[in-house]
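Below: the structure, in structure tokens.
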4 protein chains.
Amino acid sequence: MGYKEESNLVLEELNEALHTIREEEVEQLVDMICSARKVFVVGVGRVLLMLQAFTKRLNHLGIEANYVGAIDEPAITDQDLLIVGSGSGSSIVPLEIMKIAKKYNAKIAHIGSNVKSPMSEYEDLFLRIPCKTKLDLQDEIDSKQVMSSLFEQSLLLLADSVALMIVEKKQIKDIHALWEKHANLE
Amino acid sequence: MGYKEESNLVLEELNEALHTIREEEVEQLVDMICSARKVFVVGVGRVLLMLQAFTKRLNHLGIEANYVGAIDEPAITDQDLLIVGSGSGSSIVPLEIMKIAKKYNAKIAHIGSNVKSPMSEYEDLFLRIPCKTKLDLQDEIDSKQVMSSLFEQSLLLLADSVALMIVEKKQIKDIHALWEKHANLE
Amino acid sequence: MGYKEESNLVLEELNEALHTIREEEVEQLVDMICSARKVFVVGVGRVLLMLQAFTKRLNHLGIEANYVGAIDEPAITDQDLLIVGSGSGSSIVPLEIMKIAKKYNAKIAHIGSNVKSPMSEYEDLFLRIPCKTKLDLQDEIDSKQVMSSLFEQSLLLLADSVALMIVEKKQIKDIHALWEKHANLE
Amino acid sequence: MGYKEESNLVLEELNEALHTIREEEVEQLVDMICSARKVFVVGVGRVLLMLQAFTKRLNHLGIEANYVGAIDEPAITDQDLLIVGSGSGSSIVPLEIMKIAKKYNAKIAHIGSNVKSPMSEYEDLFLRIPCKTKLDLQDEIDSKQVMSSLFEQSLLLLADSVALMIVEKKQIKDIHALWEKHANLE
């Protein structure tokens, strides 16, 4: 198959995944982000990269956000939000960090695929992207893509949709003015 | 606008952007990647994050790939490929690194939006994603999203389509076996 | 106090810390590194930065090394070595990663201060840098520096001493030739 | 040679390097850091890692600091300081970033070895660590260590001495209270 077929496959799977996400869960996430003093994100591998892209955008929108492990990572408090990305809900490092965040009474939003996972008892919000994980659950999109690509792509597009919702909620009129908060050295 | 409208907007823009990419340019990129001894990527900000996600996947597919600045970055040689991501084609750091790679006679593929840019004279392949950049050129998709989100999203989906093409080209039969090359510590 | 006094303080503390490290533990570490197929490092914050500097040098010396979480991180196997840096021996994320590495039967070397810690049962080698940790144990150097600076500095100098021992062990004659394995794009 | 000899070699070279640094240059650096609104650092390879360790500590001391390329990197302004680490003073990427910072009228401090370099015309302060670089200048310490290790080690110890000077200058009484600004999730 050539590029046209492959990119169509990707777009169709994304179309299905994004349409299955429940609107009210996304709205809750937007509310949690906008009422947090600081936002932290944690994940592993490509999921972390997508969350870092989200973090970068949140800073442009005037929301203080960072990833766990960043050079200038501050302490988390009960005023803050931790967003955890984990399809299976069983990645060990994010799970451990979730537990620590819980001890500090931070709010926790988990974006994943498995409705029931070891993360369930620690999360204040579960936002479901229904992609198939290694755990082979029912009721999921069975992607033809490599590994968890569909989850990672959905996460990025969800995050960028959330960014647009925040622009509206915070009534940011001039999107172009955002460049003033953008890094300017590279 | 709520999540449904925003995610539809994102998907429609992506649909347009991905369909405008020229098939032969993608095939050239696939060839360059598969014939390189090592692949390096360079970019700035969210573009770099998307290229790092690509890099991660290439390693899973058995292709040695890394980003410029990585802890274990080796020396580039004339057997290697540098993939540069820059919409405007004028980001200073990637441009300087492109020039150095050229001195070592590495092959250079540039993924960007502006057909004519300071990068043009150094690139062996220009793969165009026709998103509007800050430079306000004609003949581009005028995205309603925040900043360069459409370019970054397109880059990720293009890269994941390329990954699928490589799976086919290299006749990797068992996608699930790829997990064996996947990091297993987190 | 001015620069002279402060830098003297730093050097004196380092002198004490480095002299208390036991020679046979360092030799064991050198042996473990040289007989491993791949070396992984894990730590948190500034400790991780020091281990990443070590990782970079090991690659220059022809030893495949990477940090846990790197973009091109491969799977760990029973042929590999995990080096954990943790003064207290109780950092949760490194501890969890240690447990996973143990399941894959990788060798584990722990560089820390506390002789007895949750990490003790998983480590094949404990290399002690006797700096005071937050846990207030006896028999340690009570540094006047900020936080765990002395541990981090000692770790870097220990690692660079180990690099020199590896140069000798592997009979690398021409140190200047090492630049050929060095990144050349920035 | 065993560990004792190698670590003594390292300590002796560091002793010489740190004692040759001029006190007034360090004091100027401390002043520049304490009067900046934000501090940015840039460098390549192990030098960058040492500067990132410095950045981490500055944040603990209540000084907003980040490295160029960080996920949450803000825009630089004329109220800010850029610290460049480059022994030779000719690393291309840091040099280009220096030029951009200069356009925004940021203050620039360069820590390096070569008194006269392409960076000279852009720097407001040159702080010299007199280690031999690849350029083979006179009047420098000819280290027996691997590559530029001595420069990198000196940079870390200089930075940690500067941290102690800032503690005194800002009259931070309770060093232990600094842990409150420290990341707490890993």
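The values are calculated or read from the model by the stated rules, or taken from the named source; none is laboratory data. Everything quoted here is computed from the prediction, not taken from an experiment. Ideal geometry is used to build each Cβ from the backbone, glycine not excepted, and the neighbour counts take in all protein chains shown.
Anything in region C:138-152 that is crowded, with 19+ Cβ neighbours inside 10 Å, more than 9 Å from every other protein chain (Cβ to nearest Cβ) and acidic (Asp, Glu)? List them, or say none.
C:Glu140
Give me the residue from region C:153-181 that is facing another protein chain (nearest Cβ under 7 Å) and of a type in the set (Asp, Glu) and, out of that set, surrounded by the fewest Cβ atoms within 10 Å (Cβ to Cβ).
Ranking the candidates gives C:Glu180 first.
Go through region B:59-69 and give me each residue that's closer than 20 Å to C:Asn184 by Cβ and either surrounded by fewer than 21 Cβ atoms within 10 Å (Cβ to Cβ) or not hydrophobic (A, V, I, L, M, F, W, C) (or both). Full working, then the answer.
Within region B:59-69, the first condition is being closer than 20 Å to C:Asn184 by Cβ, and the residues that meet it are B:64-69.
Passing the criteria: B:Glu64, B:Asn66, B:Tyr67, B:Gly69.
So in region B:57-71, with the set limited to residues that are part of a helix (DSSP H, G or I) and in contact with a strand residue (DSSP E or B) (Cβ under 8 Å, 6 or more places away or on another chain), which one is farthest from C:Ile63 (Cα to Cα)? So that I can check it myself, show each step before the final result.
Here is the first cut: in region B:57-71, the ones part of a helix (DSSP H, G or I) are B:57-60.
Add one more test, that the residue is in contact with a strand residue (DSSP E or B) (Cβ under 8 Å, 6 or more places away or on another chain), and what stays is B:58-59.
On the way: B:Leu58: 22, B:Asn59: 19 Å.
The selected residue is B:Leu58.
Give the number of residues within region C:79-102 that are among the β-branched types (Val, Ile, Thr) and surrounded by fewer than 22 Cβ atoms within 10 Å (Cβ to Cβ).
First pass over region C:79-102, keeping only residues among the β-branched types (Val, Ile, Thr): C:83-84, C:92-93, C:97, C:100.
Next, only the ones that are surrounded by fewer than 22 Cβ atoms within 10 Å (Cβ to Cβ) stay: C:92, C:100.
The total comes to 2.
When you look at A:Lys116, is it basic (Lys, Arg) and away from chain D (no Cβ under 14 Å), yes or no?
Values: basic (Lys, Arg): yes; away from chain D (no Cβ under 14 Å): yes.
The answer is yes for A:Lys116.
Mind checking which residues of region A:83-102 are more than 9 Å from chain D (Cβ to nearest Cβ), touching a residue at least 40 places away in the same chain (Cβ under 8 Å) and not in a loop (DSSP other than H, G, I, E, B)?
A:Ile83, A:Val84, A:Gly85, A:Pro94, A:Met98
Condition check: within 18 Å of B:Leu49 (Cα to Cα) and of a type outside the set (Phe, Trp, Tyr). Does B:Ile141 satisfy that? Talk me through it step by step, then tell me what you get.
Values: within 18 Å of B:Leu49 (Cα to Cα): no; of a type outside the set (Phe, Trp, Tyr): yes.
No.
Which pairs do you get when a residue that is more than 7 Å from every other protein chain (Cβ to nearest Cβ), found in region A:60-82, comes within reach of a residue that is among the aromatic types (Phe, Trp, Tyr) and crowded, with 21+ Cβ neighbours inside 10 Å, reach meaning Cβ atoms under 6 angstrom, with the pair 6+ apart or on two chains?
Correct list of pairs: A:Leu82/A:Phe40.
State which residue is nearest to the other protein chains (Cβ to nearest Cβ) when the search covers only region D:1-52 and only residues that are assigned to a loop (DSSP other than H, G, I, E, B) and in contact (Cβ under 8 Å) with a residue 24 or more places away in the chain. So that I can check it myself, show each step before the final result.
Residues of region D:1-52 that are assigned to a loop (DSSP other than H, G, I, E, B), as a first pass: D:1-2, D:21-22, D:36-38, D:43-45.
With in contact (Cβ under 8 Å) with a residue 24 or more places away in the chain added as a condition, the list becomes D:21-22, D:36-38, D:43-44.
Details: D:Ile21: 7, D:Arg22: 9, D:Ala36: 15, D:Arg37: 15, D:Lys38: 10, D:Gly43: 9, D:Val44: 5 Å.
By that ranking, first place goes to D:Val44.
Determine whether B:Lys102 is among the basic types (Lys, Arg) and modelled with pLDDT under 95. If you could, list the steps in order and put the result at the bottom.
Numbers: among the basic types (Lys, Arg): yes; modelled with pLDDT under 95: no.
In short, no.
Considering B:Leu82, B:Leu29, B:Leu9, which residue is within 30 Å of A:Glu23 (Cα to Cα) and either touching a Ser or Thr at 6+ places or on another chain (Cβ under 9 Å) or among the aliphatic types (A, V, I, L, M) (or both)?
Working: B:Leu82 fails: within 30 Å of A:Glu23 (Cα to Cα); B:Leu29 fails: within 30 Å of A:Glu23 (Cα to Cα).
Testing whether each residue is within 30 Å of A:Glu23 (Cα to Cα) and either touching a Ser or Thr at 6+ places or on another chain (Cβ under 9 Å) or among the aliphatic types (A, V, I, L, M) (or both) leaves just B:Leu9.
So is B:Asp78 in contact with a helix residue (DSSP H, G or I) (Cβ under 9 Å, 6 or more places away or on another chain) and acidic (Asp, Glu) or not?
On the way: in contact with a helix residue (DSSP H, G or I) (Cβ under 9 Å, 6 or more places away or on another chain): no; acidic (Asp, Glu): yes.
For B:Asp78, the condition - in contact with a helix residue (DSSP H, G or I) (Cβ under 9 Å, 6 or more places away or on another chain) and acidic (Asp, Glu) - is not met.
All but one of (1) surrounded by fewer than 17 Cβ atoms within 10 Å (Cβ to Cβ); (2) in a helix (DSSP H, G or I); (3) over 15 Å from the mean Cα position of the chain (by Cα) hold for D:Asn105; state the number of the condition that does not hold.
Of (1) surrounded by fewer than 17 Cβ atoms within 10 Å (Cβ to Cβ); (2) in a helix (DSSP H, G or I); (3) over 15 Å from the mean Cα position of the chain (by Cα), only one is false for D:Asn105: (2).
Residue check: is D:Ile111 over 30 Å from A:Phe40 (Cβ atoms) and in contact with a helix residue (DSSP H, G or I) (Cβ under 6 Å, 6 or more places away or on another chain)? Walk me through it before giving the result.
On the way: over 30 Å from A:Phe40 (Cβ atoms): yes; in contact with a helix residue (DSSP H, G or I) (Cβ under 6 Å, 6 or more places away or on another chain): no.
Here the answer is no, as D:Ile111 does not meet what is asked.
Name the one entry in A:Ser154, A:Ser161 that is under 16 Å from A:Leu48 (Cα atoms) and either among the hydroxyl-bearing types (Ser, Thr, Tyr) or in contact with a Pro (Cβ under 7 Å, 6 or more places away or on another chain) (or both).
Values: A:Ser161 fails: under 16 Å from A:Leu48 (Cα atoms).
Residue meeting the stated conditions: A:Ser154.
Can you tell me which residues in region C:38-56 are surrounded by fewer than 23 Cβ atoms within 10 Å (Cβ to Cβ) and under 18 Å from B:Asn59 (Cα atoms)?
C:Lys38
Could you tell me whether region B:123-133 includes any residue that is free of Cβ contacts under 8 Å to residues at least 24 places away in the same chain and farther than 24 Å from C:Leu61 by Cα? Step through it out loud before you land on a result.
Filtering region B:123-133 down to residues free of Cβ contacts under 8 Å to residues at least 24 places away in the same chain leaves B:132.
Applying the additional criterion that residues be farther than 24 Å from C:Leu61 by Cα yields B:132.
For region B:123-133, residues free of Cβ contacts under 8 Å to residues at least 24 places away in the same chain and farther than 24 Å from C:Leu61 by Cα: present.
Can you find, within region C:1-34, the residue that is nearest to C:Glu140 (Cα to Cα) among those that are among the hydrophobic types (A, V, I, L, M, F, W, C) and touching a strand residue (DSSP E or B) at 6+ places or on another chain (Cβ under 9 Å)?
Going through region C:1-34, the residues among the hydrophobic types (A, V, I, L, M, F, W, C) turn out to be C:1, C:9-11, C:14, C:17-18, C:21, C:26, C:29-30, C:32-34.
Keeping just the survivors that are touching a strand residue (DSSP E or B) at 6+ places or on another chain (Cβ under 9 Å) gives C:17, C:21, C:26, C:29, C:32-33.
Numbers: C:Ala17: 9, C:Ile21: 12, C:Val26: 19, C:Leu29: 22, C:Met32: 26, C:Ile33: 27 Å.
Selected residue: C:Ala17.
Can you tell me how many residues in region D:86-97 are under 13 Å from D:Ser117 (Cα atoms) and in contact with a strand residue (DSSP E or B) (Cβ under 6 Å, 6 or more places away or on another chain)?
Just the residues of region D:86-97 that are under 13 Å from D:Ser117 (Cα atoms), to begin with: D:86-92, D:94-95.
Keeping just the survivors that are in contact with a strand residue (DSSP E or B) (Cβ under 6 Å, 6 or more places away or on another chain) gives D:86-87, D:89, D:94.
Summing the residues that are under 13 Å from D:Ser117 (Cα atoms) and in contact with a strand residue (DSSP E or B) (Cβ under 6 Å, 6 or more places away or on another chain) in region D:86-97 gives 4.
So for region B:2-16 (the condition being among the small types (Gly, Ala, Ser) and over 18 Å from B:Ile83 (Cβ atoms)), does at least one residue qualify? Quick ask: steps written out before the conclusion?
Going residue by residue through region B:2-16, those that are among the small types (Gly, Ala, Ser) are B:2, B:7.
Retained after the next criterion (residues that are over 18 Å from B:Ile83 (Cβ atoms)): B:2, B:7.
The answer is yes, given that some residue of region B:2-16 is among the small types (Gly, Ala, Ser) and over 18 Å from B:Ile83 (Cβ atoms).
For C:Asp124, are the conditions met, namely being away from every other protein chain (no Cβ under 11 Å), more than 20 Å from the chain's Cα centre (by Cα) and not aromatic (Phe, Trp, Tyr)?
Here the answer is no, as C:Asp124 does not meet what is asked.
When only residues in region B:135-177 that are more than 30 Å from A:Trp179 (Cα to Cα) and outside any helix (DSSP H, G or I) count, which is modelled with the lowest pLDDT?
Top of the filtered list is B:Asp174.
In region B:44-90, what residues are closer than 20 Å to C:Glu180 by Cβ and small (Gly, Ala, Ser)?
Of everything in region B:44-90, those that are closer than 20 Å to C:Glu180 by Cβ and small (Gly, Ala, Ser) turn out to be B:Gly69, B:Ala70, B:Ala75.
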